[in-house]
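Derivation of every value follows stated rules applied to the coordinates shown; laboratory data play no part. From a predicted model like this one, the values you see are computed outputs, not experimental measurements. Methodologically, a virtual Cβ is constructed for each residue, glycine included, from the backbone with ideal geometry; neighbour enumeration extends over all protein chains shown.
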Amino acid sequence: MMYKGKLFALILMLAHLICNAQHKGNYNQITQDISRQNILTAGNAQIYNPTVQKQIHNVLQPSNILTVDVKALQNVKAANYTAIFNVTQIGATAEETNALMNVKIDSIKLRLKQSGISEKNLAVDVISFIPVYEVEVTKKLFSKTYTEVPKGFELQQNIHIKFTETSQFESILEACAKSEVYNLVKVDYFIEDIQNVYKNLQDQLLVLIKDKKAYYSALGFELSNYNTAIADDKYCYFPKDFYQSYQAYNSISFDVFNKTKGITAAKKQTSYYYQPLTYEQYDVVINPSILEPVVQIGMHIKLVLTPKPKEKLPETVTETKIDHKYYVISPNGTIDVKELNTKK
């Protein structure tokens, strides 16, 4: 009876841990637990996010300097993809190594063709073809010598596989695995006409800038009396830039139900998930709802409008008129001085 009571308590403990994991989500272990009761009952749910708290209590600082700061983001599905697998083959001779490599490559090509991926969408890149050495020990009467001698050859190649739909990737993995190729290097994403995407974002931002200027004008600001400074930026991010890792929250081993063993902490597996750019900092988001990893292209324009300096009125200069007087002195030395009248 006591054993059943302990077992029931352990089941309750595990159930509590599982429920907590469901509330938190595996991807974020440090977020405090918020019960459903707090969500359903208006008014008593707390906000734990420090960024949100800062925004709510932000104190506005009035200024006569106007700022127009707008951002736009567009989620673009890739037009095609390229998966790169590394293939390594060793052999006793160069001919044998190359033949074994060709068998693998031909096997992959055949399986992919059966999946609808033609040979023209495959490319082979030779990385290295080098001899492999081993040390040979030669025993003599009074000494040993160590000599490197060729043992075989190692050939490395990368096979590039182009595909257009993410659903095809499963067939690609299967074809490579059945041909004993397991080393996936990376998957590249390619989009078409990126310049047109930037042009679309630019048009969207120009509309926002026009609306923001109209808003300032409605508030009484005469924008013709302002000087304008500008800064802009554009960027393009691929899915490989936004994969994050986490470990499972629950780590209790089920060996706890075996009374001959104590509680064992299970090894936490590291998992990865796609976390794209979030939208709270953007004024416009094009194609916001996404199902699969996408290429994210953004543009940022910032205008700062400062009041023009007031024009100074020209200073009035008062001209001082000097009335000159001229005198003629007699050359005989007399002091009979007469004023010379120059005003006639």
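So who's got an amide H within less than 5 Å of the one on Phe190, skipping anything under 5 residues away but keeping other chains? H placed 1.01 Å off N, in plane.
Ala79, Asn80
Tyr226: net charge of surrounding residues, Cβ under 14 Å, Lys/Arg +1, Asp/Glu -1, itself excluded?
+3
Could you go through region 200-216 in sequence order and give the Karplus-derived ³J(HN,Hα) for each residue, using 6.51 cos²θ - 1.76 cosθ + 1.60 with θ = phi - 60°, rounded to whole Hz, and x for Gly and Pro?
The phi angles translate into 5, 5, 4, 4, 5, 6, 4, 5, 5, 4, 4, 5, 5, 5, 5, 5, 5 Hz.
How would you rank 90-101, 209-220, highest first, on the average number of other Cβ atoms within 10 Å across their residues?
90-101, 209-220
Just to confirm my numbers, what's the Cα centroid distance between region 73-113 and region 192-239 in Å?
46
How much net charge surrounds Ser115 when only the other residues with a Cβ under 10 Å from the Cβ of Ser115 are counted, with Lys and Arg +1 and Asp and Glu -1?
Local charge sum for Ser115: 0.
For a label point 7 Å from the Cα of Glu192 along Cα→C-beta, name the residues of region 164-185 whose backbone N is under 15 Å from it.
Counting only backbone N, you get 164-165.
For a label point 7 angstrom out from the Cα of Ala218 toward its Cβ, which stretches of region 267-298 have the backbone nitrogen within less than 20 Å?
In region 267-298, the label zone of Ala218 (backbone N under 20 Å from the point 7 Å along Cα→Cβ) covers 283-284.
Set the Förster radius R0 to 25 Å, insert the Cβ-Cβ distance between Asn98 and Asn121 as r into 1/(1 + (r/R0)^6), and round the FRET efficiency to 0.05.
So the FRET efficiency works out to roughly 0.60.
Given a Förster radius of 41 Å and the C-beta distance between Thr88 and Tyr279 as r, what FRET efficiency does 1/(1 + (r/R0)^6) yield to the nearest 0.05?
About 0.40, to the nearest 0.05.
Please work out the Kirkwood hydrodynamic radius for region 177-218, using every pair of different C-alpha atoms, and report it in angstroms with one decimal place.
It is 14.5 Å.
For region 283-322, what class follows from the C-alpha gyration tensor (a ≥ b ≥ c being the square roots of its eigenvalues): rounded when a/c is under 1.5, otherwise prolate if a/b is larger than b/c, else oblate? Spell out each step's value before the answer.
Values: a/c = 16.37, a/b = 7.83, b/c = 2.09.
Judged from the Cα gyration tensor, region 283-322 comes out prolate (a/c at least 1.5, a/b above b/c).
Taking the Cα-to-Cβ direction at Lys308 and at Asp203 and moving 7 Å from each Cα, how far apart do the two end points lie in nm?
Taking the two extended label points, one gets 3.3 nm.
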